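Student: Encoded as structure tokens, here's the structure I'll be asking about.
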Amino acid sequence: MNHLNSDMIKQHLNYSDDKRDAKITLFESIDSTNSWLLQNGECGDVCLSETQTAGRGRRGNQWVSPDAGNIYFSLCYCFEEITEHWSLLGLLVGIAVAESLQALGLRDHGVKWPNDIFWNEKKLGGILLESQDQTGRVVIGIGLNVGMQEAGLEQSGISQPWTSLRSGLKTSLPSRNVIIATMMNHLRARLDTFSNLNLEHFLNDWQRWDILLGKRVIIHQNGTKRSGKVTSLDKHGRIGILHEKCNIQYYSSAEIKLVSEKNE
Ligand code: BTN
């Protein structure tokens, strides 16, 4: 397994303004890179770890984080203000990660609302945005399965089908330093223009990566389950679902399960 190296990551960054100052902190092991940056991070700082002992996912879930050549990445980013499109930020990060994976040669991947990265109907990565106040300082956490292989992880406690970049890429696997720098380049481009977001362009980009559009899903919310078909995304980032004999309903938070075409 190649080692994480902050100088190598910086060599591949395509932005120059604060490149030399970008602080990248590497750990062999830490509870959570998001938690560390929430406590210690300044604007622009990055934290990476080989393994996390208490990796966190969305909706209070655990993010299983073995020392298996994966990426556990967090970035502390500061916006000058909280704009009207704030609720789209998590989706935008999903688009940036999908774009960076495309640049690395991955094909046929996409984003599952709100911001899971999927390939071949399996989860390849997840995104967790956290902030402690209303100042525009956000910690963006990305977990990306890169080297993880199923053998030996049968009892890992991961609750859904998963895959890794190693399985998805037809070309040889780039080093994690290159993958991280590519992700940072795409993130930076998207985050730096977020305050002037063009909604129409954003919705087009979302459609380009959305793996759920037009698909049948089951939606889990507050202990109930309903099936429906995904129709749209609204300007607040809510997912529109057409339930049988019903109007379209919009959800801002829910767990969505794709009804696999393989099972139909
Ligand atoms: C999800 O899909 O539920 C989001 C997973 C986010 C995991 C990443 S790994 C790096 C960062 N540190 C954490 O504790 N969580 C995020």
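Student: About its Cα centre, how strong a charge dipole does segment 112-216 have in debye, to the nearest 20, once Lys and Arg get +1 and Asp and Glu get -1 at the Cβ?
Tutor: Values: 12 positive and 10 negative charges, 58 e Å.
Roughly 280 debye, rounded to the nearest 20.
Student: Using 0.36 nm per residue of separation minus the Cα-Cα distance, give me the extension gain between TYR250 and LEU199 in nm, one decimal.
Tutor: Values: separation 51, 0.36 × 51 = 18.36 nm, distance 1.79 nm.
So the chain would gain 16.6 nm between TYR250 and LEU199.
Student: A further question on this structure: With r defined as the distance between the Cβ atoms of SER29 and ARG166 and R0 fixed at 22 Å, what FRET efficiency is calculated, to the nearest 0.05?
Tutor: Values: r = 22 Å, r/R0 = 0.99.
The value I calculate is 0.50.
Student: Cα-Cα over 20 Å: which of LYS215/LYS257; LYS225/LYS245; LYS10/LYS123; LYS112/LYS229? Let's see the in-between values first.
Tutor: On the way: LYS215/LYS257 10 Å; LYS225/LYS245 16 Å; LYS10/LYS123 28 Å; LYS112/LYS229 14 Å.
Going by Cα-Cα distance, LYS10/LYS123 fall outside the 20 Å limit.
Student: Taking Rh as the Kirkwood radius computed over C-alpha pairs, what is the Stokes-Einstein D of segment 35-109 at 37 °C in a medium of viscosity 0.692 mPa s, expressed in µm² per second?
Tutor: Here the translational diffusion coefficient equals 224 µm²/s.
Student: Contour minus end-to-end for HIS243 and ASP7, with contour as 0.36 nm per residue of separation and end-to-end as the Cα-Cα distance? Please report the intermediate quantities before stating the final value.
Tutor: Numbers: separation 236, 0.36 × 236 = 84.96 nm, distance 5.13 nm.
Taking 0.36 nm per residue and subtracting the Cα distance, the gain is 79.8 nm.
Student: More than 23 angstrom separation, counting every C-alpha pair in segment 1-137; what % is that?
Tutor: On the way: 3572 of 9316 pairs.
Of all Cα-Cα distances in segment 1-137, 38 percent exceed 23 Å.
Student: Near the amide H of ARG56, under 5 Å away, which other amide H atoms are found, from residues 5 or more places off or on another chain, if H is placed in the peptide plane?
Tutor: TRP63
Student: Between THR51 and ASP234, what is the spin-label point distance in nm, taking each point 7 Å from the Cα along the Cα→C-beta axis?
Tutor: Inter-label distance under the simple model: 4.5 nm.
Student: Here's something else I'd like to know. Sort out for me the Cα centre separation of segment 87-105 from segment 161-187, rounded to whole Å.
Tutor: If we compute the Cα centre of each part, the gap is 12 Å.
Student: Still on this structure, I have one more. Which value results when the Cα radius of gyration for segment 189-264 is divided by 2.2 N^0.38 Å? Walk me through the intermediate numbers first.
Tutor: Working: Rg = 14.1 Å, N = 76, 2.2 N^0.38 = 11.4 Å.
Compared with the compact-globule rule of thumb, segment 189-264 sits at 1.24.
Student: For the charge dipole of segment 2-149, defined by +1 on Lys and Arg C-beta atoms and -1 on Asp and Glu C-beta atoms about the Cα centroid, which residue among GLN62, TYR77, LEU91 has the Cα displaced farthest towards the positive pole?
Tutor: Towards the positive end, the residue furthest out is GLN62.
Student: Between ASN40 and ASP133, what's the calculated FRET efficiency when r is the beta-carbon distance and R0 is 25 Å? Round to 0.05.
Tutor: Computed FRET efficiency for ASN40 and ASP133 comes out at 0.95.
Student: Looking at THR163, PHE194, ILE24, which one has the Cα that reaches farthest to the positive end of the dipole of the chain (charges on Cβ: Lys, Arg +1; Asp, Glu -1)?
Tutor: THR163
Student: Which values, in whole Å and largest first, are the semi-axes of the equivalent ellipsoid of the chain obtained as the square root of 5 times each eigenvalue of the Cα gyration tensor?
Tutor: Values: eigenvalues 164, 101, 60 Å².
Sorted largest first and rounded, they come to 29, 22, 17 Å.
Student: Could you state the per residue volume, in Å³, of the convex hull enclosing the Cα atoms of segment 107-262?
Tutor: Details: hull volume 25.8 nm³, N = 156.
In segment 107-262, the Cα hull volume divided by residue count equals 166 Å³.
Student: Report the full-extension gain for the segment LEU258 to ARG208: residue separation times 0.36 nm, less the Cα-Cα distance, to one decimal in nm.
Tutor: 16.2 nm
Student: OK, next. Quote the FRET efficiency, to the nearest 0.05, computed for ALA189 versus GLN102 with a Förster distance R0 of 22 Å and r equal to the Cβ-Cβ distance. Mind dumping the intermediate values first?
Tutor: Details: r = 13 Å, r/R0 = 0.61.
Approximately 0.95, to the nearest 0.05.
Student: Volume per residue, Å³, of the convex hull around the alpha-carbon atoms of segment 86-172? Can you show the working numbers first?
Tutor: Values: hull volume 9.7 nm³, N = 87.
Dividing the Cα hull volume of segment 86-172 by its residues yields 112 Å³.
Bear in mind these aren't lab numbers, they're just calculated from the coordinates by the rules spelled out. Model, not experiment: these values are computed from the prediction. Every residue, glycine among them, receives a Cβ derived from its backbone with ideal geometry; neighbour counts consider all protein chains shown.
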